Amino acid sequence: MLIDTHCHISKDDYDDIEKIIEDDFKEVDKIIISGCSKKDIIESLDIAEKNDNIYVTIGYHPDQVDQVSDEDLLFLEEKCSNDKVVGIGEIGLDYHYVDDNHDEQIALFEKQLSLAEKLKMPVVIHSRDATKDTIDTLKKYKVTGVIHAFSGSIETANIYISMGFFLGIGGVVTFKNSKLFEVVKSIGLDYIVLETDSPYLTPHPFRGMQNSSKYIPVIAKRISEVTKQPYEEVSKITGDNAIKLFDLK
Ligand code: NI
């Protein structure tokens, strides 16, 4: 079963969402939308409620750090009881653009990890240029989940796996200049879930086109080549991983 475990679907990016979703479901079986601002949480849940095979993870992205109030955190907790919500995220740390708010980012991250621990829900982690702090923070909580858009070394991959996490692998594995295939080859299928992160990161050879879940087979095919496993196995094992982690019906 092919599952896009992480994408963003919003009117801001797509002109005709219904058509995009119809085309996506010709190629994938299930889709998990990541709603990572209050506005996106509302919009993603609305889409999921109209589609049996669409689920959502919800949480405040680190780029929301200046905007999230206590009320917004209560809103998040309330929405977690919705049947369509299968995880908390994407949440995490992003030190790429901003260097002066690390403490605030960690505080927001910890509040959401603590919610995930309390509700026993998996988390979807965004970590950019912040590997050490991400690992140190995660270690304080009893949580498991996905390291979304993983792009680190084999050593880092193994640390996350030993902590019970899966790696979210997307279009980057198809890029000619990326070494991510070496990580995938080394760790194998048991700790991988597929994702597009659309509308970003369209896989090769479609770069420049707008990404969507319909490109999941391109990513699965590349993983099949790299791991030397049949395409059907890639689909089955990564699909089973996602179903188990997010408890999809
Ligand atoms: Ni994302």
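The values are calculated or read from the model by the stated rules, or taken from the named source; none is laboratory data. Everything numeric here is computed off the predicted structure, so don't read it as measured data. All Cβ positions, glycine included, derive from the backbone under ideal geometry; neighbour counts span all protein chains shown. The protein model used for the area step is the full one, side chains on, heavy atoms only, and it has no ligands, DNA or RNA in it. Shrake-Rupley method; radii C 1.70, N 1.55, O 1.52, S 1.80 Å.
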_Can you find a residue that is charged (D, E, K, R), in a strand (DSSP E or B), within 14 Å of the ligand (Cβ to nearest atom) and open to solvent by less than 40 Å² (accessible area, probe 1.4 Å) anywhere in segment 29-41?_
no
*List the number of the failed condition for residue 246; all other conditions in (1) within 16 Å of the ligand (Cβ to nearest atom); (2) at pLDDT 95 or above; (3) in contact with a helix residue (DSSP H, G or I) (Cβ under 6 Å, 6 or more places away or on another chain) hold.*
(3)
*With respect to the numbered conditions (1) on the phi > 0 side of the Ramachandran plot; (2) more than 16 Å from the ligand (Cβ to nearest atom); (3) among the charged types (D, E, K, R), which one is the sole condition not fulfilled by residue 214?*
(1)
*What about residue 12, is it without any contact (Cβ under 8 Å) to a residue 24 or more places away in the chain, closer than 30 Å to residue 239 by Cβ and within 16 Å of the ligand (Cβ to nearest atom)?*
yes
*Of everything in segment 121-137 that's among the aliphatic types (A, V, I, L, M) and over 16 Å from the mean Cα position of the chain (by Cα), which residue is farthest from the ligand (Cβ to nearest atom)?*
135
*Residues of segment 150-209 that turn out to be of a type in the set (A, V, I, L, M), open to solvent by 40 Å² or more (accessible area, probe 1.4 Å) and away from the ligand (no atom under 16 Å from the Cβ), as a count*: 4
*Check every one of the strands (runs of 3 or more DSSP E) wholly within segment 117-174 and list those with 1 or more residues that are farther than 17 Å from residue 93 by Cβ and of a type outside the set (Val, Ile, Thr).*
165-169
